[in-house]
Each structure stands twice: as structure tokens, then as C-alpha cells.
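Presented below is the structure to which this report refers.
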Amino acid sequence: MFWRRERAEAEDDEQKDLPPEEKPSGLKENRELGKISLTFHIGDESQVGRVALLLASTTSPEAEEECKDQIAAMGWRSVATEVGGLAGEVPHKLTRAVVGAALNGGVVSKSSGEMHALMHATAEAIGSFMAMSLLESSVGVKLAIVRNDGWLAVAVVGDAAYHAMAHHERSGLGIMHI
């Protein structure tokens with residue numbers, strides 16, 4: 001995900017001028033650890049949430065496009081986007097990003113039923129991604145919206161933390177009947 005790479009590059013820039021004794025221990029070089037390829041069989045329309053999680057978990061534009069192509073081949077619609085910032089800013093950014101991506105990507109129409117389903121699934125996904133807190137945290141997420149004839153799912157995969165050195169992965173999922 002882009003925000004993780006950008007944050008790592010910024011941290012590397014901050015630390016490259018430090019003398020060896022002042023550099024934090026345990027820093028690892030950015031490298032690929034491996035690759036996981038799998039086949040996932042979709043047996044029911046109610047598995048829309050699993051598909052959304054898979055799309056939100058993609059880590060490159062190529063993998064995202066490949067996943068969206070496979071979703072389209074099933075006759076389902078999908079779109080993905082990214083949002084980042086401080087936790088207090090994220091709800092406003094998230095609403096605009098989700099609505100814009102879903103409408104522009106043709107995943108939902110401007111009907112009240114489809115917009116209602118989108119907003120409820122988004123609220124459920126972000127609520128399970130991040131507990132509300134008094135502390136101001138930094139957040140970076142990839143959102144995927146997938147829908148079929150009866151269901152709409154919003155998946156959120158990303159990282160968040162109260163301090164840049166403590167970022168860790170999180171995920172959330174919301175599903176609503178259309």
C-alpha cells in the first residue's frame with residue numbers, strides 16, 4: 001500500500017543522517033518477503049464480503065486490476081480507492097472517497113436504496129476497523145466496494161497507530177443487503 005512505502009521512505013530519510021549509535025535498532029531493509037498466490041472459489045452471492053476483503057488486500061495496481069477483472073467476470077461490480085490522514089479527518093475523507101468511487105465506478109446508482117446500503121456498509125466497516133478513541137491516530141486504508149444483485153460489501157484494509165513507529169495492520173468489513 002502506498003502510504004506504508006511513503007512513510008518508510010520518509011523515516012529512512014530522517015534516519016540516514018543519524019550516527020550509527022543513534023539509529024533505532026531493529027530497522028530492516030525494505031524488501032519483498034514473498035508472494036502468495038491462491039485460488040478462491042465463490043460458491044454463493046453472500047460471499048461478497050470475502051471478495052471485497054481480497055480486493056482491499058491487494059498491494060499493487062496490477063494485482064488490484066487482476067482482482068477487479070475476475071470480479072467483473074462473475075458479473076459483479078467493484079471499485080477500490082485509498083484514504084489516509086489523521087483519525088479525526090478520516091470520516092469526512094472516507095465518505096467523499098466511498099461515494100465518489102462507488103458512483104464513478106458504476107458500483108451503485110444514485111437511488112436512495114443503494115446509497116443507503118453503501119453508507120451502512122461503510123459505517124460498519126470503518127467501525128470494525130478502528131475503535132473510536134480520545135487519542136489522535138494516523139490512518140492509511142485501502143477501501144474496496146463490491147456488489148452483486150443482492151449484497152453490497154465495503155472492506156477496509158490498512159494500518160493505524162497513535163505514533164508513526166507503532167503502525168500496524170487492521171481490517172474491517174461491512175455488508176448490507178440492497
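The values are calculated or read from the model by the stated rules, or taken from the named source; none is laboratory data. All of these numbers come straight from a predicted model, not from anything done at the bench. A quick note on method: Cβ atoms are made from the backbone with ideal geometry, for glycine too, and the neighbour counts reach across all protein chains shown. Protein only, heavy atoms only, side chains kept; ligands, DNA and RNA dropped before computing areas. Shrake-Rupley method; radii C 1.70, N 1.55, O 1.52, S 1.80 Å.
When only Cα pairs below 8 angstrom with a gap of at least 6 residues are kept, segment 88-178 shows a relative contact order of 30 percent. Taking all protein chains together and a 1.4 Å probe, the residues 62, 89, 114 rank 62, 89, 114 from largest to smallest accessible area. Each of 93, 110, 68 has its accessible area taken with a 1.4 Å probe; listed largest first, they run 110, 93, 68.
Considering only 67, 54, 104, the residue lying farthest towards the positive end of the dipole of segment 34-114 is 104, judged by Cα position with unit charges set on Cβ. For segment 112-124, backbone phi angles converted through the Karplus equation (6.51, -1.76, 1.60; θ = phi - 60°) give residue-by-residue couplings of 5, x, 6, 5, 4, 4, 4, 5, 5, 5, 5, 4, 5 Hz, Gly and Pro being listed as x.
The portion of the accessible surface of segment 99-178 made up by carbon and sulfur, rounded to a whole percent, is 60 (1.4 Å probe; DNA, RNA and ligands excluded). Across every pair of non-identical alpha carbons in segment 27-178, the mean reciprocal distance, once inverted, gives a Kirkwood radius of 15.9 Å. In the context of the full set of protein chains, segment 59-178 has a per residue accessible area of 50 Å² (1.4 Å probe).
Order the peptides 115-126, 77-88 from the highest to the lowest mean number of other Cβ atoms within 10 Å of their residues. Walk me through the intermediate numbers first.
Details: 115-126: 20.8, 77-88: 18.4.
Highest mean packing first, the order is 115-126, 77-88.
Solvent exposure of residue 147, expressed as accessible area, is near 10 Å², computed with a probe of 1.4 Å over the protein chains only. How big is the gap, in Å, between the Cα center of segment 119-178 and the Cα center of segment 50-103? Between the Cα centres of segment 119-178 and segment 50-103 lies a distance of 11 Å. For segment 78-124, the relative contact order comes to 33 percent (Cα pairs under 8 Å, sequence separation of at least 6).
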